[in-house]
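The values are calculated or read from the model by the stated rules, or taken from the named source; none is laboratory data. It should be emphasised that the depicted structure is a prediction, and the values quoted were computed from it without experimental measurement. Here the Cβ is made from the backbone with ideal geometry for all residues, glycine too, and neighbour counts use every protein chain on show.
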Amino acid sequence: MAALEKEAAAAATTSKPEGITLQPTEEGPTRWSFQDEPQAPSDETPINDDVSIKQRGEGVGVGLFARRTLAAGAAVLRRAPVAHAARGFDGPRCDACLSPVDKSVACRGGCGKVIYCGRACATSEAAADHVACGECAAAAALQKLLPTCLLAARVVRRARKDGAVLKYVRALRRKPEPYDDELRAAARVVQALSGDADENLCALVLAVLERNAHSVCDDELREVGVALYPRDVTAANHCCRPTIWPRFRFSPAKPPCLEYAVLRDVEKGSELTHEYADLLAPDRRDQLRRSYGFVCTCDECAFSTKAREAARDSLRAQRDALEVHLKAEDWDQAGEKAEAVARLEGFWSPGHPYTALHRLRCAKLQTLLGNARQAQVHVLLALVRLTISHGKESALAQEAAAMQARVIHEREGRILKADESSDDDFDWRKGMRKW
């Protein structure tokens, strides 16, 4: 029996994992392990001056690490997607740049499945490729076009054109397993959209996207699309108290660029992690296990207590109640619930974008209710947090800055208005303290 156990242990240490494996470790979050990468613990692949990918040993995998001390709010990595597709839950989105569409421009092929926000996107390279590659004709024949299938088809075409992309997709593959009938049916749709004859490759890409695709979100954290990003982006592991956050930059006629923003000061050599699941989700750990194949072992999960879980449940109930009151336009009750949620923002990681958005929402509610002093506190905190999570140049940060100036002037009895006697409007930003 002992000899058999030794043989099994030797086989486990010498056999090379096939595809990608996810294994928990005692020292931190579960990490990726790729079949075609060397596994020496000292291996490090610099990405830029700020971050690198480090190998963590056989069976442990890789992670994204800081190469120097990073300050909160710094953008350490910016990448365009391998491919992307629109997914507008709050209304139609442009297929090229994912902007909201008010007056849509149809594609030249007339499939009726993708739309554009204007002439620049409708005449872009992506729009031309949509017709030229046969994707438009294939989409027109479908009763419904799912964003994931559209994304998979575009990844397949990129993989056929670029061997590095094909290698990357195969490296992300999970351990071989039989594909179910639903996945096979989706793979045939991807075949039609991509024009690729290999059904197995289409099924492989769909399986890869299930765990590695990013939801593309706007500044208010609303999902507007789905995309697959390059290797250095997907190297970042999960933690329920993340140190980085994927924010997205949008430009006309261009795909959405992902930018990792540092949420709090990080020391050199520290691992950079972001969250894969909502911290307040009641089945967060089960969701991570089912969707990503690992059990989270971060401090938030490993040292959680019944009292903390009960407090989390209460916070989730208050957050849900807040949404109900907002939809009903019950502003008094919404204000009370918003204040209760704000007092418990310590549940989230410092710098988390949700706390920034919530403080801005609190400021608007208190302004509506006539509570100028409370509104001033909230907007100041919102501005500080938005500068970190969204960036000083973001529209929401600028909105918070404008609101802060307006609240201060109104409390002091001054009204901001244009000077009609001059060609130049009054610039209220002059004289304000730097933020």
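Being buried (at least 18 other Cβ atoms within 10 Å of the Cβ) and at positive phi is the filter here; which residues of the range 70-117 pass it? Answer for the range 70-117, where residues must be buried (at least 18 other Cβ atoms within 10 Å of the Cβ) and at positive phi: Gly73, Leu98. Answer yes if at least one residue in the range 263-276 is more than 19 Å from Ala72 (Cβ to Cβ), modelled with pLDDT of 90 or more and not assigned by TED's automatic domain parsing to the domain that holds Leu142, and no otherwise. Yes, the range 263-276 contains a residue that is more than 19 Å from Ala72 (Cβ to Cβ), modelled with pLDDT of 90 or more and not assigned by TED's automatic domain parsing to the domain that holds Leu142. Inside the range 259-274, residues that are buried (at least 21 other Cβ atoms within 10 Å of the Cβ) and either more than 15 Å from the chain's Cα centre (by Cα) or not small (Gly, Ala, Ser) (or both) make up a count of 6. Quick one: is Gly59 on the phi < 0 side of the Ramachandran plot, modelled with pLDDT of 50 or more and in contact with a strand residue (DSSP E or B) (Cβ under 6 Å, 6 or more places away or on another chain)? Considered against the rule, which asks whether it is on the phi < 0 side of the Ramachandran plot, modelled with pLDDT of 50 or more and in contact with a strand residue (DSSP E or B) (Cβ under 6 Å, 6 or more places away or on another chain), Gly59 comes out as no. The condition of being closer than 20 Å to Arg78 by Cβ, part of a strand (DSSP E or B), touching a residue at least 60 places away in the same chain (Cβ under 8 Å) and not hydroxyl-bearing (Ser, Thr, Tyr) holds for only one of Leu258, Leu221, that being Leu258.
Residues that are outside the structural domain of Cys239 (by TED's automatic domain parsing), farther than 27 Å from Leu77 by Cα and in a loop (DSSP other than H, G, I, E, B): does the range 319-328 have at least one? Yes, the conditions are met somewhere in the range 319-328.
For the range 293-308, indicate whether the set of residues that are surrounded by 15 or more Cβ atoms within 10 Å (Cβ to Cβ), part of a helix (DSSP H, G or I) and within 19 Å of the chain's Cα centre (by Cα) is non-empty. Taking every residue of the range 293-308 in turn, none turns out to be surrounded by 15 or more Cβ atoms within 10 Å (Cβ to Cβ), part of a helix (DSSP H, G or I) and within 19 Å of the chain's Cα centre (by Cα). The strands (runs of 3 or more DSSP E) found entirely in the range 46-130 that carry 3 or more residues being under 30 Å from Lys167 (Cβ atoms) and either without any contact (Cβ under 8 Å) to a residue 40 or more places away in the chain or in contact with a Phe, Trp or Tyr (Cβ under 9 Å, 6 or more places away or on another chain) (or both) are 51-55, 62-66, 75-79. Scanning the range 393-409 for any residue that is closer than 30 Å to Leu70 by Cα, of a type in the set (Ser, Thr, Tyr) and surrounded by 16 or more Cβ atoms within 10 Å (Cβ to Cβ) turns up at least one such residue. For the range 162-173, the criterion of being surrounded by 15 or more Cβ atoms within 10 Å (Cβ to Cβ) and assigned to a loop (DSSP other than H, G, I, E, B) is satisfied by at least one residue. Which of the residues spanning the range 118-140 are more than 22 Å from Asp196 (Cα to Cα) and surrounded by 14 or more Cβ atoms within 10 Å (Cβ to Cβ)? Answer for the range 118-140, where residues must be more than 22 Å from Asp196 (Cα to Cα) and surrounded by 14 or more Cβ atoms within 10 Å (Cβ to Cβ): Gly118, Ala120, Cys121, Ala122, Thr123, Ser124.
What number of residues within the range 275-292 are in a loop (DSSP other than H, G, I, E, B) and surrounded by 18 or more Cβ atoms within 10 Å (Cβ to Cβ)? Of the residues in the range 275-292, 3 are in a loop (DSSP other than H, G, I, E, B) and surrounded by 18 or more Cβ atoms within 10 Å (Cβ to Cβ). Just one of the listed residues (Leu365, Leu383) is within 23 Å of the chain's Cα centre (by Cα) and under 26 Å from Arg247 (Cα atoms), and it is Leu383.
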